[in-house]
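The values are calculated or read from the model by the stated rules, or taken from the named source; none is laboratory data. Predicted, not measured: the structure shown is a model, and the values here were computed from it. Note: ideal-geometry Cβ built from the backbone for every residue, glycine included; neighbour counts use all protein chains shown. Just the protein is used for accessible areas: all its heavy atoms, side chains included, with ligands, DNA and RNA removed. Shrake-Rupley method; radii C 1.70, N 1.55, O 1.52, S 1.80 Å.
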Amino acid sequence: MIVADQTLDTLGLFCPIPVILTSKKIKQMEIDQVLEILSDDEGIKKDMPAWCKSSGNEFLDLIQEGKVFKVYIRKKK
């Protein structure tokens, strides 16, 4: 189980808003901290790994619980 330092709730929001909010939130965090993003947008399954690759952050995991996706990202820069 991944322990997050902070959680970002993007439930009810759709692409590209979860990615935009994640980008803003991760900038406020310290290097190596973990952010948990909560989303119910199917697009997050492709969007977050792609954003991590382009931004240089580490995609750790995506867990689906019912209609909710929990994405874990480690800040790397």
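Using the structure shown, decide if ILE44 is crowded, with 18+ Cβ neighbours inside 10 Å and not aromatic (Phe, Trp, Tyr). Walk me through how you get there before you give the answer.
Values: crowded, with 18+ Cβ neighbours inside 10 Å: yes; not aromatic (Phe, Trp, Tyr): yes.
It is true that ILE44 is crowded, with 18+ Cβ neighbours inside 10 Å and not aromatic (Phe, Trp, Tyr).
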**Request:** Sort out which residues of segment 1-32 are open to solvent by less than 50 Å² (accessible area, probe 1.4 Å), within 19 Å of LYS77 (Cβ to Cβ) and outside any helix (DSSP H, G or I), and write them in order of number.
**Result:** ALA4, LEU8, MET29
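Based on this model, can you work out whether ILE37 counts as farther than 17 Å from VAL68 by Cα, outside any loop (DSSP other than H, G, I, E, B) and in contact with a Leu (Cβ under 8 Å, 6 or more places away or on another chain)? First the steps, then the outcome.
Numbers: farther than 17 Å from VAL68 by Cα: no; outside any loop (DSSP other than H, G, I, E, B): yes; in contact with a Leu (Cβ under 8 Å, 6 or more places away or on another chain): yes.
No; evaluated as a whole, the condition is false for this residue.
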**Residue selected from segment 62-77 under the condition in a strand (DSSP E or B) and open to solvent by less than 60 Å² (accessible area, probe 1.4 Å), by the criterion farthest from ASP5 (Cα to Cα)** = VAL68
**Asked** When both residues are 6+ apart or on different chains and their Cβ atoms are under 7 Å apart, which pairs have a first residue that lies in segment 55-77 and is without any contact (Cβ under 8 Å) to a residue 12 or more places away in the chain, and a second that is of a type in the set (Lys, Arg)?
**Response** ILE63/LYS70
**Request:** Go through (1) touching a Cys at 6+ places or on another chain (Cβ under 6 Å); (2) on the phi > 0 side of the Ramachandran plot and name the single condition ASP32 misses.
**Result:** (1)
